[in-house]
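Down below is the structure, laid out as structure tokens.
The values are calculated or read from the model by the stated rules, or taken from the named source; none is laboratory data. The structure presented is a predicted model; accordingly, all values stated were derived computationally and were not measured. Protein only, heavy atoms only, side chains kept; ligands, DNA and RNA dropped before computing areas. Shrake-Rupley method; radii C 1.70, N 1.55, O 1.52, S 1.80 Å.
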Amino acid sequence: MMESKVDDISKDLQALSKDTKELAREAKSQAVEKTGELSKKYVEFMDSAIAAAKEIPTVAVKKTKEVASTTDDYVTHNPWRAVTISAGLGLVLGFLFSRK
């Protein structure tokens, strides 16, 4: 009777060991699969980030030209206002920097 229980426990442990090894193999397989998917997504993300970064200088130049044109138009139509704003801004900045 005792030998029968020991044999049952031994068989249960062997089955548990077999199941554990199978689960480990499945987990490894899934991890490899997920790693491949993540690598692909990472490459796609980096490609899109690089493409976006390449457009930054073009956008910056366009925006700078727009701001320069708008500023030029404003100064042309409002010369005294532009002088007053510039002088006021110069005084404020001079005051702020002189306090340090």
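What angle, in degrees between 0 and 90 and rounded to the nearest 10, separates the Cα long axis of helix 2-77 from the longest principal axis of the Cα atoms of the chain?
Once rounded, one gets 10 degrees.
How big is the chain by Rg and Dmax over its Cα atoms, in Å?
36.1, 110
To the nearest 10 square angstrom, what accessible area does K21 show with a 1.4 Å probe?
Approximately 120 Å² of K21 is accessible to the 1.4 Å probe.
Any idea what % of Cα-Cα pairs in the stretch 37-84 are farther than 12 Å?
Details: 815 of 1128 pairs.
Of the Cα pairs, 72 percent sit more than 12 Å apart.
Give me the angle, in degrees from 0 to 90, between the Cα long axis of helix 79-98 and the longest principal axis of the Cα atoms of the chain, rounded to the nearest 10.
Once rounded, the angle reads 60 degrees.
Ignoring ligands, DNA and RNA, what percent of the 1.4 Å accessible area of the chain is carbon and sulfur? List each step's numbers first, then the result.
Working: 6120 of 9370 Å².
Of all accessible area on the chain, carbon and sulfur atoms account for 65 percent.
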